Amino acid sequence: MTTPCCPAAAAKPVLSNIRGSIKCPAVLDEIFKKMLESGAEPEMVDKENLVKKVSVYNYIPNGLEEEYAEAIMKEYKKYHHKRKK
């Protein structure tokens with residue numbers, strides 16, 4: 001099991017498996033909340049647009065956009081599933 005990067009991150013989405021490190025992107029939970037409220041189903045989310053939203057608040061290194069997109073979508077699917085029950 002991985003340890004959150006900061007105490008406040010314990011209940012927030014955490015990205016892992018990005019070049020072997022763990023990231024706690026700022027405002028990711030707020031972005032997910034807005035997506036859920038708008039009715040965004042995971043399979044309908046535009047990954048490129050989502051990465052752009054996240055990158056406004058977080059540095060995403062050039063060349064790692066696809067890795068971040070996959071990790072963010074994985075976490076959004078978990079978030080969506082938990083809250084749609």
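The values are calculated or read from the model by the stated rules, or taken from the named source; none is laboratory data. On a predicted model such as this, the values are computed, not experimentally measured, just so you know. Ideal geometry is used to build each Cβ from the backbone, glycine not excepted, and the neighbour counts take in all protein chains shown.
Tabulated values for the structure
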quantity: Positions within the stretch 61-83 being aliphatic (A, V, I, L, M) and either farther than 13 Å from residue 28 by Cα or touching a Gly at 6+ places or on another chain (Cβ under 7 Å) (or both), in sequence order; calculated: 64
quantity: Cross-chain or 6+ apart pairs with Cβ under 6 Å, the stretch 57-81 first and farther than 13 Å from residue 35 by Cβ and aliphatic (A, V, I, L, M), then crowded, with 16+ Cβ neighbours inside 10 Å and modelled with pLDDT under 90; calculated: 60/68; 71/15; 71/18
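Let's see how each residue does on (1) modelled with pLDDT of 90 or more; (2) of a type outside the set (Asp, Glu); (3) in contact with a strand residue (DSSP E or B) (Cβ under 7 Å, 6 or more places away or on another chain); (4) exposed (fewer than 12 other Cβ atoms within 10 Å of the Cβ):
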position	(1), (2), (3), (4)
39	yes, yes, no, yes
44	yes, yes, no, yes
49	yes, yes, no, yes
56	no, yes, no, yes
63	yes, yes, no, yes
66	yes, no, no, yes
76	yes, yes, no, no
82	yes, yes, no, yes
85	no, yes, no, yes
